[in-house]
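The values are calculated or read from the model by the stated rules, or taken from the named source; none is laboratory data. Just so you know, these numbers come straight off a predicted model, no measurement behind them. We place every Cβ from the backbone using ideal geometry, glycine too, and count neighbours over all the protein chains shown. The protein model used for the area step is the full one, side chains on, heavy atoms only, and it has no ligands, DNA or RNA in it. Shrake-Rupley method; radii C 1.70, N 1.55, O 1.52, S 1.80 Å.
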Amino acid sequence: MVRKAAYPPSFRPIRNPCINLLQIYRLVRQLRSLEIGEQCLDLLSKNRHSCNLLAIFLWSSPGSMRLLLLVITSAYRPLVSNRLSERVVRRTCNAIGLFQTLASHPHTKMSFIRASMPEYLYAFLKTRSRERNYERLRFASLVVIGSLVEVDNPEVVDYLLATEMFPCCLCCMEIGTTLSKTVATFIIYRILLNEKGLNYLLSMPERYLVVTHCLENMVEILDVEDEEYLPHLLKNIICCYLRISENEKLANST
């Protein structure tokens, strides 16, 4: 039986009707501008839920994806040298926000995956720092992956398993805030709903123990003061446990 895991409230899109289709198209075309490109990136990210065609504009506009990748990869060096400035984080989160638009749109999602675009975000998911700037990049990247798994698709699960998304999520479940833990646990649950995902977990005893230990640790160190997101995290943890318990071999061995 499929149970519905929980999104934290800030994971849900909020539409902004204050910008029209023509303005969105112009902003996409002007992303490559040296003078106003950064401003266009900021405006597109803030209004990304107001235009259903934005993902198609971004994917089909020459140079747009290259620019987003440049913005994201330019954060790698300050990421590893602990020199993340506010401007770098803001620009990178804006670009990642547009990645979410591509990941959630049915006409660009699979092209986005087949071009291996999500892997450019893995560096932000593997960091061990709890500092605010690292957490902002961590959460923004998790939301992109969460958008990929929101709709059942075996190819998405195959891709995430092949690219070692599981360990990335476990790292976020250990290091992240309640909000990041909630999205990371949601991703794990959505992967486990697929039989290949469940088999991946149970194919190695060590992998099963690591995941269940991580879930156990999250329960033990719950931030009871985080009343807004705590129920969502708990629901996702319970969904993971229930899905694991549905495996017949595991049930018979206990």
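Skip the ligands, DNA and RNA, and give the accessible area per residue of the chain with a 1.4 Å probe, whole Å².
On the way: 12830 Å² over 254 residues.
Counting only protein heavy atoms, the per-residue value for the chain is 51 Å².
Expressed as an acute angle from 0 to 90° and rounded to the nearest 10, what is the orientation of the C-alpha long axis of helix 178-193 relative to the principal long axis of the chain?
It is inclined by approximately 70 degrees.
As an exercise, take the mean of 1/r over every pair of distinct alpha carbons in region 152-253, invert it, and state the Kirkwood radius in angstroms. Don't skip to the end; give the middle numbers.
Numbers: mean 1/r = 0.0723 Å⁻¹.
For region 152-253, the Kirkwood estimate is 13.8 Å.
Tell me, which longest segment in the chain has none of the trypsin sites (Lys or Arg not before Pro) that fall in DSSP loops with at most 16 further Cβ atoms within 10 Å? Walk me through the numbers on the way to the answer.
Details: sites that count: Arg3, Lys4, Arg15, Arg83, Lys126, Arg128, Arg130.
Longest stretch, sites excluded: 131-254.
Carbon and sulfur: what percent of the chain's accessible surface (1.4 Å probe)?
On the way: 7090 of 12830 Å².
Ligands and nucleic acids excluded, carbon and sulfur reach 55 percent.
Using 1/(1 + (r/R0)^6) with R0 = 22 angstrom and r between the beta carbons of Ser111 and Glu35, what's the FRET efficiency to the nearest 0.05? Don't jump to the answer; show the numbers that get you there.
On the way: r = 30 Å, r/R0 = 1.37.
That gives a FRET efficiency of 0.15.
Sum -39500 (n - 2.57) across every DSSP H segment of at least 4 residues in the chain, then divide by the residue count to get the 222 nm mean residue ellipticity, nearest 500. If you can, show how the numbers build up before the last one.
Values: 16 runs with 170 residues, N = 254.
Helices in the chain give a 222 nm mean residue ellipticity of -20000 deg cm²/dmol.
At q = 0.12 Å⁻¹, what log₁₀ I(q)/I(0) does a Debye calculation on the Cα points of region 34-100 give, no solvent, two decimals?
Results for region 34-100 at q = 0.12 Å⁻¹ read -0.31.
Taking the Cα atoms only, what angle lies between the long axis of helix 86-104 and the longest principal axis of the chain, rounded to 10 degrees?
So the inclination is approximately 70 degrees.
Residue separation times 0.36 nm, minus the C-alpha to C-alpha distance between Gln23 and Val210: what's the value?
So the chain would gain 62.5 nm between Gln23 and Val210.
In nm, to one decimal, how far is the Tyr241 label point from the Ser81 one, both placed 7 Å along Cα→Cβ?
About 4.6 nm, to one decimal.
Out of every Cα pair in the chain, what percent are spaced more than 26 Å from each other?
Working: 13078 of 32131 pairs.
Result for the distance tail: 41 percent.
Do you know the relative contact order of the chain, to the nearest whole percent, from alpha carbon pairs under 8 angstrom that are 6+ apart? Don't skip to the answer; put the middle values down first.
Numbers: 284 pairs, mean separation 49.4, N = 254.
Taking the mean separation of contacting Cα pairs over the length of the chain, I get 19 percent.
What GluC sites (Glu not before Pro) does region 106-171 have in DSSP loop regions with at most 16 other beta carbons within 10 Å? Before the final figure, lay out the partial values.
On the way: sites: Glu119, Glu131, Glu135, Glu150, Glu155, Glu164; in loops: Glu131, Glu150, Glu164.
Qualifying residues, ordered by number: Glu131, Glu164.
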